[in-house]
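Trainee: Here it is, the structure, as structure tokens.
The values are calculated or read from the model by the stated rules, or taken from the named source; none is laboratory data. Predicted, not measured: the structure shown is a model, and the values here were computed from it.
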């Protein structure tokens with residue numbers, strides 16, 4: 001009864017090893033090593049029978065067998081390391097994809113905000129271009145300076161900054177202060193549409 005159980009265990013182990021060796025890519029072993037391992041594990045032969053089959057001494061078969069086993073263990077150790085590294089790199093790639101997705105969403109939000117801002121700017125420019133300098137209640141001197149420069153509406157004024165308007169003919173600090181105050185009353189400033 002005890003021998004029967006041992007035989008069943010040996011048969012089960014042989015089937016397991018046979019399945020394992022059938023599914024393995026043993027290309028990292030040379031032809032003799034593959035042949036010896038296959039004969040030992042799959043065909044369940046002992047070293048003596050293997051030595052007769054491959055025409056080598058029994059000791060040489062044992063040496064090749066041990067060498068092949070060591071190579072196999074090293075190979076699978078490396079494969080495990082590669083698997084772990086692959087998992088780590090896959091996680092990093094997944095994280096990068098997530099970050100890229102977030103960056104794309106952020107860029108899309110920024111683009112929508114920019115388009116909205118441009119639309120508002122266009123609407124404001126159109127609105128300001130309709131307001132004539134006649135309606136701004138300017139002093140005669142300031143009115144004449146702006147008119148002499150070809151400025152006829154509010155949009156044209158806010159395109160210039162303070163340095164630019166100071167270069168207008170007959171335009172002094174008094175005119176600059178008056179113009180800045182008039183614009184500030186409307187929530188505007190010089191140079192806002194440069």
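Trainee: Restricting attention to the range 145-155, report how many residues are part of a helix (DSSP H, G or I) and farther than 17 Å from residue 185 by Cα.
Mentor: Of the residues in the range 145-155, the ones part of a helix (DSSP H, G or I) are 145-148, 154-155.
Those left that are additionally farther than 17 Å from residue 185 by Cα: 145-148.
Final tally of qualifying residues: 4.
Trainee: Right, next: From the list 177, 142, which one is at pLDDT 90 or above and part of a helix (DSSP H, G or I)? If you could, list the steps in order and put the result at the bottom.
Mentor: On the way: 142 fails: at pLDDT 90 or above.
Going through 177, 142 in turn, just one is at pLDDT 90 or above and part of a helix (DSSP H, G or I): 177.
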